[in-house]
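Quick note: the coordinates plus some simple rules give every number you see, no bench work behind them. What you see is a predicted model, and the numbers here were worked out from it, not measured in a lab. Ideal geometry is used to build each Cβ from the backbone, glycine not excepted, and the neighbour counts take in all protein chains shown.
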Amino acid sequence: MKYFKKIIRFALPYKKYAILNIIFNVFYALFSALSFIALIPMLDVLFAQDKIKAIKEPIYTGISGVKDYYKDFLAFKVQEFAQDDASKALLLVITLVIVLFLLKNIFRYLAMYVITFLRNGVLKDIRNELYKKTVNLPISFFSEKRKGDILARTGTDVLEIQHSFLSVLELIFREPLTILFTIVMMLLISPNLTLFVFIFIPISGFIISSIGKSLKRKSDLVQKEQGIFLSTLEETLGGLKIIKGFTAEKLFGDKFNESTHRFYKFSNTLLNRQNLASPTSEFLGITVIAILLWYGGKMVLIDGTLDSSSFIAYMGLAYNILTPAKAISKASYSVKKGNAAAERVLEILETESTIVDLPNAIKKTDFTTEIDIQNISFKYQDDWVLKDFSLKVPKGHTVALVGQSGSGKSTIANLITRFYDVNEGSINIDTKNIKEITQNSLRKLLGLVTQDSILFNDTVKGNLLVADQNASDEEIIEALKIANAWEFVEILPKGIETNIGDSGNKLSGGQKQRLSIARAVLKNPPIMILDEATSALDTESEQLVQNALENMMKNRTSIVIAHRLSTIQKADNIVVLSKGKIVEQGKHQELLEKKGVYFNLVKMQSLA
């Protein structure tokens, strides 16, 4: 139940609905029990009219005689209303039974009505919290997690919490109260018979609980497997061109089929174990009823200690316990199943972010002097990617980082943006360590254009508004013009209101990259980071994008990570990296004249 206690905090904002639910359930349980007690005078009207006619107005003698008082009072009122007309008496008692059952069901509906707001409110809040946490966690967290697993936790696991834990909230008062009121009525009718019932209830409970012990483990396997096949599906959709191009449909199909087959086996075991709950509890309940018939029948027919109408009403009350008892046993299975889902959801919610703002972090709104990278060292896991690396980038300068793959170029971009934190050293903006600046204000100073054009399934306008939600259409069009993107956006069917498809797949690679640049232009930050922004483009697209980049970098401080060296010839400083260290730096022509590492890189690209 430890996970249930953690999830219950999400219900606190909706406690008024829980209170109303409890109130309505109290009335439901009360009328549920009374509706069976009302059967006693009806049965007396049908089978013991002489007994009713002999009744005088009863006198209340205390709690010990409350059952006889209630029964005799009803009989007296029936006699008073009907006189000698048995049909009138029958009509009155039937009306009473109908009214009690009506009230019982009205309060049941009201209890279910108010709890709906709590259940769906908690569902909404958990999903919102999960999304917020997912966005706030560092990028390093997701390098170890499958995307499909995150989707499964936000979708099916949260739904499982609603179906299990929040269903228990419905039952937590209604069913126990129904059982409690019913037992009180049963005790009033016959304490001996009720005591006999309680001998068998613990035995039934032990049998039911022993069935469900492995449900949490089985459920955990089901939910993990769901994350695996959702990840396979997500990877398939993302790499469909490669799968088809390499005719790897069977390879991925087999992988998906293996996962769904495991899911099939785990689900069968889980559901069959869960489905055993209801018939088992019903059989045990009927067994108790059968024993009651034997023992109660003896009290009526042989001992004469219980009258027949009270015994029939008692049997109705005994059966009235079965439904809530079954619901409680089913709920206990649901809690075990929900525990696994809650554990997976809470794993994300309770993960501490390694990149957090310091309590005294400042909001920095301008950039005036330089970016100063001082003796930084960094490793993703075991091996150092950067070791004792230093670099100054004065305001208004363009610094290019070049080198072989794995030399640490993109890592520097990740550290400046604080997607990762340095292990040693510091990165300063205007002499202020970026760890002492709020992440939000730091990233507002930075514009980012990556090698992969990350666009969303939205309109051209919607994709640019990510940079500035208050931008006007005129400002969006101006940014598109600077990025050399207006020429193709202008002729789209709906202009800037045209949807560009999932990940911008309705556009070419060059068009997507120019939209990414337009987005950075619209943000208008003082510092621009370009991470191999032209490496994936053809020559014609590269020239258009390069012109767009040059337009954008005017009067800005830029850090350019370049694979194609033709794009950085005008940089104020070219820094050549090898295994996380600077081996050369200077202007393009200076480095060519040195005939060192940079010269060889240029030569390899046939540009010397």
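Within region 474-529, all pairs of alpha-carbon atoms sorted by distance into 5 Å bins from zero give the percentages 4, 20, 30, 27, 12, 5, 1. For Thr450, what is the net charge nearby, where nearby means another residue's Cβ is under 10 Å from its Cβ and Lys, Arg count +1, Asp, Glu -1? Overall, the nearby charge balance is -3.
Taken about its Cα centre, region 370-604 carries a charge dipole of about 480 debye when Lys and Arg each add +1 at the Cβ and Asp and Glu each add -1 at the Cβ. Length gained on full extension, Gln374 to Thr269: 32.0 nm, using 0.36 nm per residue less the C-alpha separation. Computing Rg and the Kirkwood Rh from the Cα coordinates of region 386-502 gives a ratio, Rg/Rh, of 1.04.
Enter the mean projected area of the convex hull around the alpha-carbon atoms of region 355-416, in nm², rounded to one decimal. Walk me through the intermediate numbers first.
Numbers: hull surface 22.8 nm².
Answer in nm², one decimal: 5.7.
The alpha carbons of region 268-395 stretch over 104, 34, 19 Å along the principal axes, in descending order. For the residue pairs Lys461/Lys523; Lys16/Lys124; Lys255/Lys379; Lys395/Lys587, the C-alpha atoms sit more than 21 angstrom apart in Lys255/Lys379. With the gyration tensor restricted to C-alpha atoms of region 554-601, the semi-axes of the equivalent ellipsoid amount to 18, 13, 10 Å, longest first. Extent of region 314-374 along its three principal axes (Cα atoms, max minus min coordinate, largest first): 88, 20, 15 Å.
Of Asp366, Asp388, Asp382, Asp149, the sequence from fewest to most neighbouring Cβ atoms within 10 angstrom is Asp382, Asp366, Asp388, Asp149.
Computed extension gain for Leu233 through Val135, at 0.36 nm per residue and net of the alpha carbon distance, reaches 33.1 nm. Cβ crowding within 10 Å, taken as a proxy for footprinting-reagent exposure, orders Phe141, Phe456 from fewest neighbours to most as Phe456, Phe141.
For Tyr131, the shell of other residues with beta-carbons less than 13 Å away shows a net charge of +3, using +1 for Lys and Arg and -1 for Asp and Glu.
Between the beta carbons of Lys444 and Val583, assuming R0 = 56 Å, the FRET efficiency works out to 0.95 to the nearest 0.05. Centroid-to-centroid, using Cα positions, region 474-525 and region 100-159 are 37 Å apart. Past 28 Å, Cα to Cα: identify those pairs from Lys387/Lys595; Lys132/Lys224; Lys133/Lys336; Lys133/Lys392, in the order given. Pairs exceeding 28 Å: Lys133/Lys392. With only the Cα atoms considered, region 370-604 has a convex hull volume of 123 Å³ per residue.
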